[in-house]
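The block underneath contains the structure these notes are about, expressed in structure tokens.
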Amino acid sequence: QTCLEMQAMEDFMGTWGNVSLRLGDKILLTPSRVVYDTMQPEDIVVIDLEGNKLEGERNATSEKEVHRQIYLARPDIGAIIHAHTSCAMSASALEIEEVPCLVEEMSQFLGGSIPLTKEYIPAQQHEQLGAAAVTAIGARNGVILRNHGPVGCGKDTAEAKLAIRVVEKACGIYLKASASRYGLHEIPLECAQSERYRFVHAYGKEKT
């Protein structure tokens, strides 16, 4: 269902894009090269945190190491989505280290700027891609794989989907703002950190 929703929003195209869910010490992953319109529950692949296949007849997504290694590094994350969205992919090709934190959605939901992995990693180097994603993402909820696409994380699939949408919108804003004749006014890091803390721990609970 998540894959179909991402496809309907054009965040997934063809079979580019994948979803995972952490359930205890297991990871559920979408299969490799299976069209989302035909994918069935039995096509889902189950692996353990060491990467060993536990269930499923198909191969797991080729980006399984991105998912697995982020889960290992971030116990707070319960779902991950890797997408191929146009603005984030455009940003992935720029000679920048991050998409700066320009709007509240970035500070509150992502935790600040959106980091990019340092170098392009060829498609067959899966473990290196996973390691690069972990190094770049830090404590954020989003990262952009260089010359590739965005990864969004959350406590569940709803949050991971929102992370992808926030990353895509933020990249679109950055590209448009950068093309103007004006400079960029970034949200200070201390403000972004404070707003992220409030969003996680106090938003919706405060007395009005």
Worksheet item: Out of all the residues in the stretch 198-208, which are part of a loop (DSSP other than H, G, I, E, B) and open to solvent by 90 Å² or more (accessible area, probe 1.4 Å)?
Response: 203, 205, 207, 208
Worksheet item: Residues 161, 169: which one is in contact with a Ser or Thr (Cβ under 8 Å, 6 or more places away or on another chain) and either at pLDDT 95 or above or not in a loop (DSSP other than H, G, I, E, B) (or both)?
Response: 161
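Considering only residues that are assigned to a loop (DSSP other than H, G, I, E, B) and closer than 16 Å to residue 149 by Cβ, look in the stretch 1-31 and name the one that is most open to solvent (accessible area, probe 1.4 Å).
10
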Worksheet item: Where in the stretch 35-89 are there strands (runs of 3 or more DSSP E), lying wholly inside it, with at least 2 residues that are over 13 Å from the mean Cα position of the chain (by Cα)?
Response: 45-48, 53-55
Practice prompt. Report yes if residue 132 is open to solvent by less than 40 Å² (accessible area, probe 1.4 Å), small (Gly, Ala, Ser) and in contact with a Ser or Thr (Cβ under 7 Å, 6 or more places away or on another chain), otherwise no.
Written response: yes
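For residues that are open to solvent by 100 Å² or more (accessible area, probe 1.4 Å) and outside any helix (DSSP H, G or I), tally how many sit in the stretch 177-197. Show your work before the answer.
Looking only at the stretch 177-197, we keep the residues that are open to solvent by 100 Å² or more (accessible area, probe 1.4 Å), and these are 181-182, 185, 190, 193, 197.
With the extra rule that they be outside any helix (DSSP H, G or I), the set shrinks to 181-182, 185.
Residues meeting the conditions: 3.
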Practice prompt. Filter the stretch 135-158 for residues that are without any contact (Cβ under 8 Å) to a residue 40 or more places away in the chain, crowded, with 24+ Cβ neighbours inside 10 Å and part of a helix (DSSP H, G or I) and give the result.
Written response: none
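Kindly evaluate residue 83 against the criterion of being closer than 26 Å to residue 178 by Cβ, exposed (fewer than 14 other Cβ atoms within 10 Å of the Cβ) and at pLDDT 95 or above.
no
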Practice prompt. Would you please name the residue that is nearest to residue 201 (Cα to Cα), looking only at residues in the stretch 108-132 that are within 14 Å of the chain's Cα centre (by Cα) and assigned to a helix (DSSP H, G or I)?
Written response: 109
Discussion item. I'd like to know if the stretch 43-57 contains one or more residues that are surrounded by fewer than 18 Cβ atoms within 10 Å (Cβ to Cβ) and in contact with a Gly (Cβ under 8 Å, 6 or more places away or on another chain).
Written reply: yes
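When the stretch 11-34 is examined, which residues are found to be of a type in the set (D, E, K, R) and within 20 Å of the chain's Cα centre (by Cα)?
The initial filter retains those residues of the stretch 11-34 that are of a type in the set (D, E, K, R), namely 11, 22, 25-26, 33.
Hits for the stretch 11-34 are 11, 22, 26, 33.
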Worksheet item: Quick one: residue 76 ticks every box in (1) within 14 Å of residue 137 (Cα to Cα); (2) surrounded by 16 or more Cβ atoms within 10 Å (Cβ to Cβ) bar one, so which box is it?
Response: (2)
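The values are calculated or read from the model by the stated rules, or taken from the named source; none is laboratory data. Being a predicted model, the structure only gives us computed values, none of them experimental. All Cβ positions, glycine included, derive from the backbone under ideal geometry; neighbour counts span all protein chains shown. SASA here: full protein model, heavy atoms, side chains in, ligands and nucleic acids out. Shrake-Rupley method; radii C 1.70, N 1.55, O 1.52, S 1.80 Å.
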